[in-house]
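The values are calculated or read from the model by the stated rules, or taken from the named source; none is laboratory data. Since we're looking at a predicted model, the values are computed, not measured. All Cβ positions, even for glycine, are placed from backbone atoms using ideal geometry, and neighbour counts span all protein chains on display.
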Amino acid sequence: MRRKPILKPLFSRFRYLRLAHKNQDFVSRHCWRKPGAITPVARIISNKDFMRKLFVTGGAGFIGSSFIRLALAQTDYEIINFDALTYAGNPDNLEGLDESRYRFICGDVADREAVGAALAEDTDAIINFAAESHVDRSIASAEQFLRTNILGTQVLLDAARARRVRRVVQISTDEVMGSLPEDETAFFTENTPLAPKNPYAASKAAAEHLVNAAHHTFGLDTVITRCGNNYGPRQFPEKFLPLVLSNALHDEPIPLYGDGRYVRDWIYVEDHCRAILNVLENGRSGEVYNIGARNERRNIEVATAILDALGKSHSLIRHVKDRPGHDRRYAIDPSKVERDLDWRPRETWESGLQKTINWYAENGSWVARTRNGAYRDYYAQHYGTEISAR
Ligand SMILES: NC(=O)c1ccc[n+]([C@@H]2O[C@H](COP(=O)([O-])OP(=O)(O)OC[C@H]3O[C@@H](n4cnc5c(N)ncnc54)[C@H](O)[C@@H]3O)[C@@H](O)[C@H]2O)c1
């Protein structure tokens, strides 16, 4: 007998859920509990086989837009990008995407109704990039950080439970673990206690606690990724590396906090996004994965590397008053994601930096648009000096 067409989607959804459930069981019993590399079986049966629809938040920003580009290029996923388009959200970052599998919805993650209306019943995973992400702004005023980064995360977790979303991936940061000593023998691991030292980091740490609470209390399938400083195309120039780069391209002074010897662990954005995709598909539920490229650099080294690559004088560097409570050193031990998920960065510091420099040099109109308007006012207020409108 032929099945009525109206029941067909129901049957396939039911079958899908049973398979997904079986898969989860199988994977946790036979693969994930074993230490060491993933077995070939885990590679064959991964969440990937059951994922269809992703709900990406903050996808108009730097890393979210890079993730969407990568996921559309390398998978068959359909993607909803839910973004409030704050000053950091840039529709230009989404130009040229394959619209047959991609849709943009403008909305605030802390707005329960908006999230409820946008999150489709058949969403398989939420990947939460949405955040207020600039430490300096959090020092000037923390309120919006608490709303977006903490309340917004809780709203997404609640919505995920209500809609039975299969997995939530929380994009976190190494900053939640505070500051390391300068002696270069200590590293952040997944077991390093949370010890945030600035309001941005504190809000991201709070979000991690809420994610873990949803996993522990309600059995929600969650995974957290923690990464260091990303660099690459389409990063808003308020952040250190694109600030150096865009000022250097315009022959303008480069503000450097304090002695410039602060250490950050740099990773090319696409490498980070490949790791997130891997964690989404293969990461173990309830776990944290530190993602890093073993690439510690002092801020002064980053600035001089960019100036040298552009053939500009180091005299453009101006030491300015330090950020209050500036964390001295971040350094990630990425052994777990390398070992368990077989992930490695593809770019070296030199190749990633050259790609980044080329992108900014070739996308002058993108740079000019981001340096206009509100950013100019912010820059003048924060550094007490103007940037050009070019
Ligand atoms: N940039 C880094 O080096 C870095 C490193 C580690 C972790 N992270 C984390 O990665 C994520 C993305 O960082 P990024 O550098 O791409 O940030 P970004 O500032 O470039 O982008 C943030 C995006 O979130 C959107 N957004 C802000 N508030 C929102 C709200 N209330 N509702 C919906 N959308 C909202 C913005 O419009 C923007 O598109 C953040 O969660 C950040 O904490 C960033």
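Taken as a whole, the structure places residue 195 among residues that are within 23 Å of residue 147 (Cα to Cα), small (Gly, Ala, Ser) and surrounded by fewer than 19 Cβ atoms within 10 Å (Cβ to Cβ). Consider residue 50 carefully, then state whether it is away from the ligand (no atom under 12 Å from the Cβ), in contact with a helix residue (DSSP H, G or I) (Cβ under 6 Å, 6 or more places away or on another chain) and hydrophobic (A, V, I, L, M, F, W, C). So residue 50 passes the test. The set of residues from the range 350-389 being small (Gly, Ala, Ser) and at negative phi comprises 351, 352, 361, 364, 365, 368, 374, 380, 388, 389. Residues of the range 284-324 that are of a type in the set (Ser, Thr, Tyr) and in contact with a strand residue (DSSP E or B) (Cβ under 9 Å, 6 or more places away or on another chain): 285, 289, 304. Checking 139, 126 one by one, the residue that is of a type outside the set (Ser, Thr, Tyr) and either assigned to a strand (DSSP E or B) or within 9 Å of the ligand (Cβ to nearest atom) (or both) is 126 and no other. Here residue 389 does not fit the description of being outside any helix (DSSP H, G or I), out of contact with any Leu (no Cβ under 6 Å at 6 or more places or on another chain), of a type in the set (Gly, Ala, Ser) and at pLDDT 95 or above. Consider residue 153 carefully, then state whether it is assigned to a loop (DSSP other than H, G, I, E, B) and either more than 27 Å from residue 299 (Cβ to Cβ) or more than 16 Å from the ligand (Cβ to nearest atom) (or both). Criteria not met by residue 153. The residue that is nearest to the ligand (Cβ to nearest atom), among those in the range 80-114 that are in contact (Cβ under 8 Å) with a residue 40 or more places away in the chain and assigned to a helix (DSSP H, G or I), is 93. The conditions of being within 24 Å of residue 367 (Cβ to Cβ) and either surrounded by fewer than 17 Cβ atoms within 10 Å (Cβ to Cβ) or within 9 Å of the ligand (Cβ to nearest atom) (or both) are not met by residue 117. Selection of the range 156-199 for residues being away from the ligand (no atom under 16 Å from the Cβ), polar (S, T, N, Q) and at pLDDT 95 or above yields 189, 191. Restricted to the range 235-259, and to residues there that are farther than 24 Å from residue 176 by Cα and among the charged types (D, E, K, R), the residue that is farthest from the ligand (Cβ to nearest atom) is 251.
Conditions tested, residue by residue: (1) under 15 Å from the mean Cα position of the chain (by Cα); (2) hydroxyl-bearing (Ser, Thr, Tyr); (3) on the phi > 0 side of the Ramachandran plot.
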residue	(1), (2), (3)
267	yes, no, no
286	no, no, yes
300	no, no, no
312	no, no, no
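Restricting attention to the range 121-150, the residues being among the small types (Gly, Ala, Ser) and surrounded by fewer than 16 Cβ atoms within 10 Å (Cβ to Cβ) number 2.
Would you check if there is a residue in the range 68-75 being at pLDDT 95 or above, away from the ligand (no atom under 15 Å from the Cβ) and assigned to a loop (DSSP other than H, G, I, E, B)? The answer is yes; a qualifying residue exists.
Residue pairs whose Cβ atoms lie under 9 Å apart, sitting 6 or more positions apart in sequence or on different chains, and linking a residue in the range 163-177 that is in a strand (DSSP E or B) to a partner that is more than 8 Å from the ligand (Cβ to nearest atom) and of a type in the set (D, E, K, R), are 167/124; 167/221; 168/221; 170/208; 172/208. Is it true that some residue in the range 260-283 is touching a strand residue (DSSP E or B) at 6+ places or on another chain (Cβ under 6 Å), more than 16 Å from the ligand (Cβ to nearest atom), at pLDDT below 95 and not small (Gly, Ala, Ser)? The answer is yes; a qualifying residue exists.
Are any residues in the range 237-251 in a loop (DSSP other than H, G, I, E, B) and surrounded by 18 or more Cβ atoms within 10 Å (Cβ to Cβ), and if so, which ones? Outline the logic, then answer.
First pass over the range 237-251, keeping only residues in a loop (DSSP other than H, G, I, E, B): 237-239, 250-251.
If the condition is that a residue be in a loop (DSSP other than H, G, I, E, B) and surrounded by 18 or more Cβ atoms within 10 Å (Cβ to Cβ), then 237, 238, 239 are the ones that fit.
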